[in-house]
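Reading through the structure tokens given below for one structure.
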Amino acid sequence: MSLFAPAYYPAFRCIAGDCAHSCCIGWEIGIDLATLARYKALPPKERKAIFAHTVTQKGSTTFRLSANGRCPFLNDSGLCRLILTHGEEILCDICREHPRFYNLFSQQTEVGLGLCCEEAARLILTHPDPFALICLKDTAQSAPADPFEADFFARREEMFQILCDRSRPLPDRVEQLLANYSLSRSTIFDSDRHWQSVYRALERLHPAWDDALTAWENAPPFPTLPDTVATEQLIAYFLHRHLTGALEDGSYGVRVAFALLSAHVITAIAVAMGGDSPLATLIDASRAYSEEVEYDEDNTAVLLKELDRLQREF
Ligand code: SF4
């Protein structure tokens, strides 16, 4: 199976102790069965040291987070005590893979970096070149036999060609994407009051997200997308990560709308929050949006459903 990744992928390194929003705080970490078996096979002292900090409910085992939501193995320097003691091989799948995500196709796999990780967000938004996939592992392959997959790749290629055509201003490229999928511009870019109530009703992880939403609600409407490389990279990220859902339901337009809406909301929140460095604020707003909205399947489903409803009314 061939493996492809965005061009920025090989540059990713976890910044561990330098990370201000460590993924080892606030997230429930489920331990996969293969890793559990490895933990159970450890010598008694090491085994007990791990299982003293796990909890098993309804057949699934997780690390027992501390009262302030920290992984029990995260030390005061922001480093993982399991890695320090045993090496990276000790990690469960979630800890080893985060922040990677995978798009699985019949003849190839694509790996990407999730925007919820602050270092991944920095890499994605500051990548200077138009979005492109590079081959990390090549095996002889034929064109996809599945006609839906062949159609998917053709449509996605066309989307990225439009989005990444830097001979045109980004607003023109966005207009073409909207037109190609018969999407209503106003329901995405000129309906902030409506979307603020939708986002306010979503599930959330951290109180800081409420502050971000409040800043957005109190700011004047932000009706467009800035013509910047970071904005283009944001749209490309959401397309690359979420378009694969169209393979199941054929709903391409609603996922294009989701990518544009997400870039719009992140930008509006970053503008509302201000700060000395607009790019640093945009990166942090992207990370928070991804963590609070995009990584929550229920939240994403609510947004896709609402976008679908609005586009049908259009
Ligand atoms: S969020 Fe990213 S950079 Fe921070 S600790 Fe997790 S993987 Fe490392």
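Just so it is clear, none of the values below were taken in a lab; they were calculated from the coordinates. What you see is a predicted model; the values in this text were computed from it and never measured. So basically every Cβ, Gly included, is an ideal-geometry build from the backbone, and we count neighbours across all protein chains shown.
Could you estimate the translational diffusion coefficient of the chain from the Stokes-Einstein equation, with Rh from the Kirkwood formula over C-alpha pairs, at 4 °C and 1.567 mPa s, in whole µm²/s? Roughly 61 µm²/s, to the nearest whole number. Helix 297-313: angle to the longest alpha-carbon principal axis of the chain, degrees 0 to 90, nearest 10? Around 10 degrees separate the two axes. What residue among ALA150, GLN176, ILE124 has its Cα farthest toward the positive end of the dipole of segment 116-217, where the charges are +1 on Lys, Arg and -1 on Asp, Glu, each on the Cβ? The listed residue farthest towards the positive side: GLN176. Across segment 147-313, Cα pairs under 8 Å and at least six residues apart give a relative contact order of 27 percent. For segment 147-313, the spherically averaged projection of the C-alpha convex hull amounts to 9.3 nm². Working ranking of peptides 263-271, 59-67 by packing, defined as the average number of other Cβ atoms within 10 Å per residue, highest first, is 263-271, 59-67.
Under 5 Å between amide hydrogens, built in the peptide plane, is the criterion, and for PHE4 it picks out THR109, GLU110, VAL111, LEU136 among residues at least 5 positions away or on other chains. Based on Cα contacts under 8 Å between residues 6+ apart, the chain shows a relative contact order of 20 percent.
Available extension along the chain between ASP211 and SER197 is 3.6 nm, counting 0.36 nm per residue and deducting the alpha carbon span. Counting 0.36 nm for each residue step from ASP151 to LYS48 and taking away their Cα separation leaves a gain of 31.9 nm. Shown for TYR8, TYR289: other C-beta atoms within 10 Å of each C-beta, ranked fewest to most, produce the order TYR8, TYR289. Note: relative contact order over segment 24-97, using C-alpha pairs below 8 Å and six or more positions apart, is 37 percent.
Need one word for segment 69-228: rounded, prolate or oblate. Basis is the Cα gyration tensor (sqrt eigenvalues a ≥ b ≥ c); a/c below 1.5 gives rounded, then a/b vs b/c decides. It is oblate, given that a/c is not under 1.5 and a/b is not larger than b/c. Karplus-derived 3J(HN,Hα) values for segment 71-78, using 6.51 cos²θ - 1.76 cosθ + 1.60 with θ = phi - 60°, are 4, x, 9, 7, 8, 5, 8, x Hz; glycine and proline are entered as x. Determine the distance separating the Cα centre of segment 47-101 from the Cα centre of segment 235-314; give it in Å without decimals. Cα centres, segment 47-101 to segment 235-314: 30 Å. Projecting the Cα atoms of ALA215, ALA236, LEU205 onto the charge dipole of segment 147-313 (Cβ charges, centred on the Cα centre) puts ALA236 farthest toward the positive pole. By the count of neighbouring beta-carbon atoms within 10 Å, fewest first, LEU163, LEU33 end up ordered LEU33, LEU163. Qualifying trypsin sites (Lys or Arg not before Pro) in segment 111-202, where qualification requires a DSSP coil assignment and no more than 13 other C-beta atoms within 10 Å, comprise ARG166.
What shape does segment 24-97 have by the C-alpha gyration tensor, where a ≥ b ≥ c are the square roots of the eigenvalues, rounded means a/c under 1.5, and otherwise prolate means a/b greater than b/c and oblate the rest? Note, shape of segment 24-97 comes out rounded. Between amide H atoms placed 1.01 Å from N, distances below 5 Å from LEU74 occur with ARG81, all of them 5 or more places distant or on a separate chain.
Once the Cα atoms are used to define both axes, helix 170-180 deviates from the longest principal axis of the chain by about 80 degrees.
When +1 charges are put on Lys and Arg Cβ atoms and -1 charges on Asp and Glu Cβ atoms, the dipole computed for the chain relative to its Cα centre reaches about 940 debye. Computed over neighbours whose Cβ is under 14 Å from that of VAL254, the net charge equals 0, Lys and Arg +1, Asp and Glu -1. Taken about its Cα centre, segment 147-313 carries a charge dipole of roughly 360 debye when the Cβ of each Lys and Arg holds +1 and the Cβ of each Asp and Glu holds -1. Would any residue of segment 99-141 have its amide N under 17 Å from a label point 7 Å out along Cα→Cβ of SER2? List them or say none. Only 103-112, 132-141 fall inside the zone, counting backbone N under 17 Å.
A cut-off under 14 angstrom between Cβ atoms defines the neighbours of PRO171, and their net charge, with Lys, Arg +1 and Asp, Glu -1, is -2.
Springs between Cα atoms under 10 Å define the GNM used for the chain, and in it the highest mean-square fluctuation of GLY245, GLY253, GLY112 occurs at GLY245. Among LYS58, LYS305, the order by Cβ neighbours within 10 angstrom, fewest to most, reads LYS58, LYS305.
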